Structure formats: C-alpha cells, structure tokens
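Please read the structure below before turning to the comments.
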Amino acid sequence: MNAAVEAELYPLLPKYPAHVGIIMDGNGRWARQHGLPRLVGHRTGVENLRRVLRAAVELHIPIITLYAFSTENWKRPLEEVQGLLHILGDALEKEVGELHKNGVQLRHIGDLTPLSENLKRQIREAMTLTQHNTQLIANIAFNYGGRQEIIRAVRDLIQQGVSPDAVTEELLSAHLDTANLPDVDLIIRTSGELRVSNFLIWQGAYAEYYITPKYWPDFDKDELYKALLAFNQRERRYGGLSDVEYQ
Ligand code: IPE
Ligand code: IPE
Ligand code: MG
C-alpha cells in the first residue's frame, strides 16, 4: 500500500498503546463455520498471524504479545495438541526469514520445558536471529499461563534468597517472562468471549479490553485499527479521578 493511501485509510492517532496483547480465539468456530476440520482453522489462524504482524508494524505498534497456546490447552484431544505443536514448528520454519526481513524481534513467553528438543531449538534460533530487530517486538505466548508465570517468578525469588521486605511490584515484574517490557495497555480478544483465560493477568491489571465477535482467522488490519480507535476513546484513570472531576 502506498503511503498516501495508508495515511487516508489509517490516519495517525493521538494515543498509541506501548504494548498490545491479543487472545487469538475462534479458530475452531471459524473451521466449523466453513465445514472444515479444526486443524485447518488453526493453520488458517497461523497464516493470519503473519498478516496481523505486518499490520502491527504498519500501524506503529511497538510491542505485541500473541496468545497462541495456554497451559490449559493441553487438555484438548491429543490429535489437536500434536497438530498445534506441528503447526508451530512449520510456521517457525517458513515464516521466520520473512519476519526477520521485516524487522520483527521474536520472543517467547511461557514455559518451553515440555516441548520437544527440536521445537525448543527452533524457537531459540528464531529468537537469536531476530534479537537486534527494532520494528516490532512480537512475544509469542506458547504454553503460557499467567498463574504459572507468577509461580515461576516467585520460585525464582525464593531460590535467590530475596527477603520478604524486598519483594515489590517492580521486583516481581522483573522476574516475569515479560521482564523489561511495559505492562500491556490494550488486550484484544477475538470471537466474542468475555474472559481473560489466564492471559497476562499481572501485566494486564490496568489494561483496556477490546472484544470483537470476529473469529481470529478473519481478524485483519481494519479490525486492529478499530481496536486502536476504541483505545483512543478510553479514559484511563488507574483508580484516580478524571480531569473533569477536579474542576
Ligand atoms: C484459538 O482457537 C486457538 C487456541 C486456543 C490454540 P480455539 O481452538 O480456541 O477456537 P474455538 O474457541 O474452539 O473456536
Ligand atoms: C485462550 O483460548 C487461549 C488461546 C487463545 C491460546 P481458549 O479457547 O483456550 O480459552 P477458553 O477455554 O475459551 O477460556
Ligand atoms: Mg477458544
């Protein structure tokens, strides 16, 4: 898209979230709607990830965290879990080169322990290759759960012998997988569910939520821009009062 068309379709906004989280939900329902197997929905969802990452760069989002597989998703039938692991490996193989070219810095949040050595290596290599890129930081939350992340952080602190008085919000934040990243400002959930499902529960304490009925494979740049527009209309008070109340 040329710059003039881009500027007309997606005018610059007064406020930009420093960090956007997306709960990429609805692959299964998208597949059912099209009379296709669930795994085709997941494949289509991963293809969409590539488009949305490009859109995020174009829309000047600096950091994005994408929820791809939760610590609870292991409860699904073995065939679906194996399919999802396979799709992740495939996507890493096919997409990392292009993402690298586009300046995307790939990171992982969650627990890699139960993944195969091959998948762990692929993830590590993708992170090393892209570590100096600056266009967009893309955190892939795979085998991620907010509660488990907090428990891992607490265990770390205890192992380091940190005294109870030294435990602060900043210290705990610094031991989470998102250490050194700002808290998430905007959390988008596709497919209409009104819940958090264990996503960034610490970092999202004051996040703005945007829920769309669109299934993840149908979520595109227009939808992302709509979420940014909604974010611009929110008044964030962090427990304080709005400017109007002071008058
Ligand atoms: C989201 O799509 C992807 C994962 C959770 C892995 P779902 O698979 O949850 O899709 P629905 O909710 O069944 O439609
Ligand atoms: C949340 O979706 C996890 C991901 C999108 C990866 P789920 O489909 O697993 O969430 P629930 O079960 O509807 O809460
Ligand atoms: Mg779901």
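Figures for the structure shown
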| quantity | calculated |
| --- | --- |
| Per residue Cα convex hull volume in Å³ - calculated over region 102-187 | 124 Å³ |
| Base-10 log of normalised Debye intensity for region 171-237 (one unit scatterer per alpha-carbon) at q = 0.21 Å⁻¹ | -0.96 |
| Relative contact order (percent, whole number), the chain, Cα cutoff 8 Å, 6+ residue spacing | 29 percent |
| Reduced Cα scattering model of the chain, Debye log10 I(q)/I(0), q = 0.10, 0.13 Å⁻¹ | -0.51, -0.87 |
| Debye, to nearest 20: dipole size of region 14-231, +1 on Lys, Arg Cβ, -1 on Asp, Glu Cβ | 500 debye |
| Portion, in percent, of the accessible area of the chain that falls on carbon or sulfur, probe 1.4 Å | 53 percent |
| At R0 = 30 Å, FRET efficiency that the Cβ-Cβ distance of ILE158 and HIS132 yields, to 0.05 | 0.35 |
| Heavy-atom SASA rank of MET24, MET127 (probe 1.4 Å, accessible area, largest first) | MET127, MET24 |
| Alpha-carbon centroid distance for the pair region 26-62 / region 156-176, whole angstrom | 37 Å |
| The chain: antiparallel DSSP beta bridges as a percent of all, rounded to 5 | 0 percent |
| Relative packing of peptides 31-37, 187-193, 65-71, 158-164 - highest average C-beta neighbours within 10 Å first | 65-71, 187-193, 31-37, 158-164 |
| Placed amide H near LEU186: partners under 5 Å, 5+ positions off or other chain | HIS19, GLY21, GLU208 |
| Region 47-61 - phi-based ³J(HN,Hα) in whole Hz, Karplus 6.51/-1.76/1.60, Gly and Pro as x | 4, 5, 4, 4, 5, 5, 5, 5, 4, 5, 4, 5, 8, 6, 7 |
| 1.4 Å probe accessible area per residue over region 61-166, in Å² | 54 Å² |
| Helix-derived mean residue ellipticity, 222 nm - over the chain, DSSP H n ≥ 4, -39500 (n - 2.57), to 500 | -13500 deg cm²/dmol |
| Rounded D (µm²/s) - region 1-62, Kirkwood Rh over Cα pairs, Stokes-Einstein at 4 °C, 1.567 mPa s | 94 µm²/s |
| Largest to smallest principal axis extent of the C-alpha atoms in region 54-158, angstrom | 36, 35, 24 |
| Options ILE63, TYR16, LEU92, ranked by Cα towards positive dipole end of region 14-231, top entry (Cβ charges) | LEU92 |
| P(r) histogram, all alpha-carbon pairs of region 124-247 included - 10 Å bins from 0, percent | 10, 31, 35, 19, 5, 0 |
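The values are calculated or read from the model by the stated rules, or taken from the named source; none is laboratory data. All values derive from a computational prediction rather than experimental measurement. Every residue, glycine among them, receives a Cβ derived from its backbone with ideal geometry; neighbour counts consider all protein chains shown. These accessible areas exclude ligands, DNA and RNA; they are computed on the full protein's heavy atoms, side chains included. Shrake-Rupley method; radii C 1.70, N 1.55, O 1.52, S 1.80 Å.
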